[in-house]
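Trainee: Sending over a structure as structure tokens; questions will come in a sec.
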Amino acid sequence: MKSLLPTSVQIPKVLTIAGSDSGGGAGLQADLKVITALGGFGMSVITAITAQNTLGVTRIQDIDLDVVEAQIDAVLLDIGTDIVKIGMLASPEIVKTVAKSLRKHGVKRIVLDPVLRATSGASLGGDDTAQAMISELFPIATLITPNLDEASLLLGREIRGANDFKLAAEELLDMGPQAVLIKGGHLDSTHTQITDYLMWRTIEDGLEVVQTKEFKHYRVNTINTHGTGCSLASAIATYLADGHDLSHAVAKAIAYVEAGLEAGRFLSIGEGPGPLWHMHDFYPTALLDEKDKY
């Protein structure tokens with residue numbers, strides 16, 4: 001039933017298609033926190049359930065393919081979305097189901113975070129899943145956001161440092177997406193500065209042009225980094241849905257995640273590496289002795 005109100009307020013609608021993290025720090029739980037914190041309306045399609053905490057992943061249960069498809073249909077046939085953010089797709093079959101459904105509904109904007117391995121090292125998708133992403137999702141993706149490990153797996157060779165980013169981005173862009181963001185956070189932690197590398201296609205005077213931009217930012221000194229990849233991709237998607245251009249959306253998303261890492265430095269959540277603090281704008285954190293200064 002349509003609303004009887006004469007006018008309505010529109011906010012960015014973001015659909016996340018991802019795995020569930022029972023620990024709440026990554027996956028669709030992190031996605032929904034980010035989308036909400038940045039002023040969007042978040043919706044979700046669960047592709048897998050993980051038994052997970054700050055110490056690692058102990059169990060993964062894929063969702064039946066018809067249930068994944070039914071979730072996508074339910075959201076898009078009624079509410080619709082301004083953009084889709086994709087995270088963990090644990091099998092080639094789930095990849096193909098998601099791609100088929102998004103094509104069926106004519107979804108035009110997709111941010112794909114090719115999640116293939118958890119921060120703890122647990123596999124969240126193997127070579128077959130990576131190849132399915134390349135063939136099924138890359139050609140319809142607005143942006144892909146691999147970290148160094150994921151880029152290496154997708155390309156079949158090791159990405160050793162920032163000097164390799166340009167060639168790696170070119171090769172990934174040739175696989176079909178409109179844009180590639182290679183995240184440099186997994187470089188040797190002795191590096192105090194992180195470089196993220198964005199390459200994207202655009203049209204100027206009727207001709208396709210490839211543009212690039214480097215984003216340099218400092219490394220936050222914290223072990224609480226769980227969920228940073230999910231959070232960054234969700235932030236980019238939400239900013240894109242809110243009307244920002246790609247380069248600006250990436251810059252704002254990096255700043256949001258950096259602030260979340262800084263705010264989460266002293267949080268004690270779990271026995272292992274905890275999450276960043278997604279709600280830093282609403283609920284600031286500080287050490288007790290810092291609070292006493294004010």
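Trainee: Which of (1) outside any strand (DSSP E or B); (2) touching a Lys or Arg at 6+ places or on another chain (Cβ under 8 Å) does Ala51 not meet, given it meets every other one?
Mentor: Here Ala51 meets the rest and fails (1).
Trainee: Now a separate question. Can you find, within the stretch 54-76, the residue that is farthest from Ala30 (Cα to Cα) among those that are at pLDDT below 95 and under 20 Å from the mean Cα position of the chain (by Cα)?
Mentor: Ile60
Trainee: Ok, one more. May I ask you to say which residue of Ala249, Ala179 is small (Gly, Ala, Ser) and out of contact with any Lys or Arg (no Cβ under 9 Å at 6 or more places or on another chain)?
Mentor: Checking each option against the conditions leaves just Ala249.
Trainee: Could you look through the stretch 188-218, keep only residues that are of a type in the set (Ser, Thr, Tyr), over 24 Å from Gly25 (Cβ atoms) and in a loop (DSSP other than H, G, I, E, B), and pick out the one that is modelled with the highest pLDDT?
Mentor: Residue satisfying both the conditions and the ranking: Thr192.
Trainee: Check off (1) within 25 Å of Leu28 (Cα to Cα); (2) more than 20 Å from the chain's Cα centre (by Cα) for Asn221 and give me the number that stays unchecked.
Mentor: For Asn221, the failing item is (1).
Trainee: Let me ask something additional. Given the conditions (1) open to solvent by less than 30 Å² (accessible area, probe 1.4 Å); (2) of a type in the set (Phe, Trp, Tyr); (3) more than 23 Å from Ala141 (Cα to Cα), and given that Tyr197 satisfies all but one, which numbered condition is not satisfied?
Mentor: Condition (3) is where Tyr197 drops out.
Trainee: Pairs, please: C-beta under 9 Å, at least 6 apart or cross-chain, first residue touching a residue at least 60 places away in the same chain (Cβ under 8 Å) and in the stretch 146-157, second open to solvent by less than 30 Å² (accessible area, probe 1.4 Å) and outside any loop (DSSP other than H, G, I, E, B)?
Mentor: Correct list of pairs: Asn147/Ile182; Asn147/Lys183; Asn147/Gly229.
Trainee: State whether the residues of the stretch 157-173 include one that is buried (at least 20 other Cβ atoms within 10 Å of the Cβ) and part of a strand (DSSP E or B).
Mentor: No, the conditions are met nowhere in the stretch 157-173.
Trainee: Criterion first (more than 27 Å from Ala259 (Cα to Cα) and buried (at least 24 other Cβ atoms within 10 Å of the Cβ)) does Thr47 satisfy it?
Mentor: yes
Trainee: Another question about this same structure. Tell me the residue from Leu76, Leu89, Leu102 that is touching a strand residue (DSSP E or B) at 6+ places or on another chain (Cβ under 7 Å), surrounded by 19 or more Cβ atoms within 10 Å (Cβ to Cβ), assigned to a helix (DSSP H, G or I) and not β-branched (Val, Ile, Thr), please.
Mentor: The match here is Leu102.
Trainee: Hey, another quick one. Keeping to the stretch 245-289, report how many residues are in a helix (DSSP H, G or I), under 20 Å from the mean Cα position of the chain (by Cα) and among the aliphatic types (A, V, I, L, M).
Mentor: Looking only at that region, the number is 11.
Trainee: Suppose we filter the stretch 137-156 for residues that are part of a helix (DSSP H, G or I) and either under 18 Å from the mean Cα position of the chain (by Cα) or modelled with pLDDT under 90 (or both); how many remain?
Mentor: Here the count works out to 11.
Quick grid of which residues meet (1) within 29 Å of Asn224 (Cα to Cα); (2) in contact (Cβ under 8 Å) with a residue 40 or more places away in the chain:
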{"site": "Leu28", "(1), (2)": "yes, yes"}
{"site": "Thr36", "(1), (2)": "yes, no"}
{"site": "Ser44", "(1), (2)": "yes, no"}
{"site": "Thr47", "(1), (2)": "yes, yes"}
{"site": "Val67", "(1), (2)": "no, no"}
{"site": "Leu77", "(1), (2)": "no, no"}
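Trainee: Looking only at residues in the stretch 7-44 that are among the hydroxyl-bearing types (Ser, Thr, Tyr) and assigned to a strand (DSSP E or B), which one is least open to solvent (accessible area, probe 1.4 Å)?
Mentor: The residue in question is Thr16.
Trainee: Of the residues that make up the stretch 247-257, is at least one out of contact with any Pro (no Cβ under 9 Å at 6 or more places or on another chain), open to solvent by 20 Å² or more (accessible area, probe 1.4 Å) and aromatic (Phe, Trp, Tyr)?
Mentor: No, the stretch 247-257 contains no residue that is out of contact with any Pro (no Cβ under 9 Å at 6 or more places or on another chain), open to solvent by 20 Å² or more (accessible area, probe 1.4 Å) and aromatic (Phe, Trp, Tyr).
The values are calculated or read from the model by the stated rules, or taken from the named source; none is laboratory data. All figures in this text were calculated on a predicted structure; none of them were measured in a lab. Neighbour counts run over all protein chains shown; Cβ positions are idealised from the backbone, glycine included. These accessible areas exclude ligands, DNA and RNA; they are computed on the full protein's heavy atoms, side chains included. Shrake-Rupley method; radii C 1.70, N 1.55, O 1.52, S 1.80 Å.
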